[in-house]
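Here is the structure we will look at.
What follows draws every value from the coordinates through simple rules; no lab data is involved. The shown structure was predicted, so the numbers you read here are calculated from the model rather than taken from an experiment. Here Cβ is always computed from backbone atoms with ideal geometry, including for glycine, and neighbour counts include all displayed protein chains.
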């Protein structure tokens, strides 16, 4: 089993923000209060876990399965009670990430003429082109949170 070279800067500028945004969405779906210190800690743990797993040449998707399990455990640790909701929140937040990632990459790669080869060879472009999905995850979390709060008031 060989190692895959993933720059540490990718963890800092891409992995941690992405996982933190996904954890934020999962907290909202799971109806867990947004405690930013906990969300950031869990986001860092998930990003580092993905980084370490990706260092080894394991089959594609293994890191995602691991992260869903770790997120479920974190939601169970932070929330009270509804395990099925925590599992749904874990899966839905990863699904949202996959959808946003696919949409952003498809759109931005064609708009800016970026090839898949460029994504593998130019870290700066890769980070820049994946940041919109992070923003969409945060935006989704905040809008959903507002909607849930509004429903509670009615």
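Key figures
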read-out	value
Residues in region 42-74 that a label on residue 83 would reach, taking backbone N under 16 Å of a point 7 Å out along Cα→Cβ	69-74
Cα-based helix-to-principal-axis angle, 16-29 vs the chain, degrees rounded to 10	30
Base-10 log of normalised Debye intensity for the chain (one unit scatterer per alpha-carbon) at q = 0.12 Å⁻¹	-0.53
Helix 123-153 axis, angle to the chain major axis (alpha carbon atoms, nearest 10°)	10
Linear extension gain, residue 149 paired with residue 53, 0.36 nm per residue minus alpha-carbon span	30.9 nm
Hypothetical label at residue 131: residues of region 20-53 whose amide nitrogen lies under 18 Å (7 Å Cα-Cβ projection)	20-22
Neighbour-count order for 38, 146, fewest beta carbons within 10 angstrom listed first	146, 38
By average C-beta atoms within 10 angstrom, highest first, the peptides 109-120, 93-104	93-104, 109-120
Segment residue 66-residue 99, extension gain: residue separation times 0.36 nm, minus the distance between their alpha carbons	10.0 nm
Gain upon complete extension [residue 31, residue 91; 0.36 nm per residue less C-alpha separation]	20.1 nm
